[in-house]
Amino acid sequence: MQTVELHTNAPEESVRLGSAHGYSIHADRVTIHAELRVDDQQPSGEWRLELWAAPGSSLGPSSSLKVAEVPLARLGASGAIEHVETSADALLPPYGRDYAMSLKLVRRDQSGERTVDASSYPLLERFAGPHFAQGAGYELHPDGTVSLHSALLANSRPLGNQSGSVRLELWALPAVYDGGPLEAQHGHQLASAELGTLAGGQDWPGPRFRVAFHEPPRGRWQMVLVLREWTASGFQTRDFLNFDAPYLQEANSALTQDAAAERVESESSLVNSRSLGSDALPAGALARGSAKQRSSSAAAPKAPTERAEKTEKAEKTEKADKPEKLSIRTASVEELSQLEGVTPRLAREIVRSRPYESFEELLKVKGIGDKMLRKLRALLKL
């Protein structure tokens, strides 16, 4: 929560921010309170308050994100001080960086829309929520599937603050992702995996999901792994990782030698993993090394023996990625639905009721009794 008594003066406008205003955030709701000074008998146009966040200590329009907006009802008579306090759904920025916050008073009339007054807050804000606590990555397989994995997921909210449904998504974007609505980035979602919910203060080590992979259109794509959470406003981005190796999609698979080598490199599980150790980069930054360096090193033709070794390693990796039993903690809805006796609806309920500390906790899932529990024991592992 932040409250200030300093603001940008706008003496030429009929309505201005008063001497006191602020905001507070609870889960995915924002409450904005403000004094408004009215200098016109009947201010024309539509008015609203907007709360904005910008990465870092300075407010930059190119990367700022509108967190919430609240419309203002009919304003009072000239000389009045309006006291406003109202709440709205919030579009919270991703985890992992500090944000400079500002409050804007916006007017819309026949001449258009403009900010007539604004004020910035002195303290930087860091938003809590589900995030990548350690490295994460993806691995493509010859059968048209992809493995999405993370070394450790965590929810930094207080104990008892359960997240909404969480999912991993792999996206191909035209440029490096730096937050904001993914749908506005002109990219393509290539894969997704449902994770269920995550309690506040809880960690989830080693989730890994193998799901269908959808090729992007022709072009050179920035690959991004995104952690998203379901809210009242739909799925919102909570954390993300950009990968430095690009994905190249050529028409009719007619790849040149250099392009083919670069694509082979980009499909390596080692290239497309990012560590979050002591030398980690902030969310939205490229991992160490550049795609140009990687592609140039991969451009040399591979000797037959080297290709054979790589094929053998890929086959071993693929076999290792297919465990005999799925885990009730990490299996996706799609994987669970393929088990005998498990309907898609039951699979969704199993994922939605996570986490599990024992098999007996499956009994809390609607549709699972003692008989089904015994059956799942034989098919799954903890």
- Output the residues belonging to segment 345-362 that are free of Cβ contacts under 8 Å to residues at least 24 places away in the same chain and either more than 24 Å from Gly206 (Cα to Cα) or open to solvent by 80 Å² or more (accessible area, probe 1.4 Å) (or both). Arg345, Glu357, Glu360
- Item | Residue in segment 168-186 that is least open to solvent (accessible area, probe 1.4 Å), counting only those that are assigned to a loop (DSSP other than H, G, I, E, B) and more than 28 Å from Arg352 (Cα to Cα) | Tyr177
- Item | Any hit, segment 192-209, residues being farther than 23 Å from Leu346 by Cα, open to solvent by 10 Å² or more (accessible area, probe 1.4 Å) and in contact with a helix residue (DSSP H, G or I) (Cβ under 8 Å, 6 or more places away or on another chain) | no
- Thr86 versus (1) closer than 15 Å to His33 by Cα; (2) open to solvent by less than 40 Å² (accessible area, probe 1.4 Å): which is the lone unmet condition? (2)
- Inside segment 187-225, can you point out the residues that are touching a residue at least 60 places away in the same chain (Cβ under 8 Å), assigned to a loop (DSSP other than H, G, I, E, B) and not polar (S, T, N, Q)? Leu198, Ala199, Gly206, Pro207, Phe213
- Query: Which numbered condition trips up Ser111, out of (1) open to solvent by 20 Å² or more (accessible area, probe 1.4 Å); (2) over 30 Å from Trp171 (Cα atoms); (3) under 27 Å from the mean Cα position of the chain (by Cα)?
  - Reply: (3)
- Filtered residue count, segment 210-251, keeping only those that are of a type in the set (Asp, Glu) and either open to solvent by less than 30 Å² (accessible area, probe 1.4 Å) or closer than 19 Å to Ala154 by Cβ (or both): 3
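The values are calculated or read from the model by the stated rules, or taken from the named source; none is laboratory data. Quick caveat: nothing in here was measured; it's all calculated off a predicted structure. Please note: Cβ atoms are built from the backbone with ideal geometry, for glycine as well, and neighbour counts cover all protein chains shown. Surface areas here come from the heavy atoms of the whole protein model, side chains and all, with no ligands, DNA or RNA. Shrake-Rupley method; radii C 1.70, N 1.55, O 1.52, S 1.80 Å.
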